[in-house]
1. Compute the Cα gyration tensor for region 62-109, then decide on rounded, prolate or oblate, letting a ≥ b ≥ c be the square roots of its eigenvalues: rounded whenever a/c is under 1.5, prolate when a/b is larger than b/c in the other cases, and oblate in all that remain.
2. Using the number of other C-beta atoms within 10 angstrom as an exposure proxy, rank 97, 20 with the fewest first.
């Protein structure tokens, strides 16, 4: 029982939450930046001004497009390297599982079944 009780759980949960939030904030900053196969920045998508064209209406008009873009954001869809994307998704999944287990142990201690 000594491994379950302690302040280390809340500290670990706060640390993992800060890591995950910072990963997704950085992903949000660089989500629309395209890098081609040679490693150079592709400026084709950066030059579109959504306020002057109907491109913004076409991008956000469809609910299915919104759901798939949200899924791409959550799974780091802008990263073209398969192994890097796999490692980042594996790391974020492990962080979410650890946070879920810590919340489960909190609930398990406070609510008698």
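Bear in mind that the values in this text are calculations on the coordinates, not laboratory data. In this text the structure is predicted, and so the values were computed from the model without any measurement. Here the Cβ is made from the backbone with ideal geometry for all residues, glycine too, and neighbour counts use every protein chain on show.
1. Here region 62-109 falls in the oblate category.
2. Lowest count first: 97, 20.
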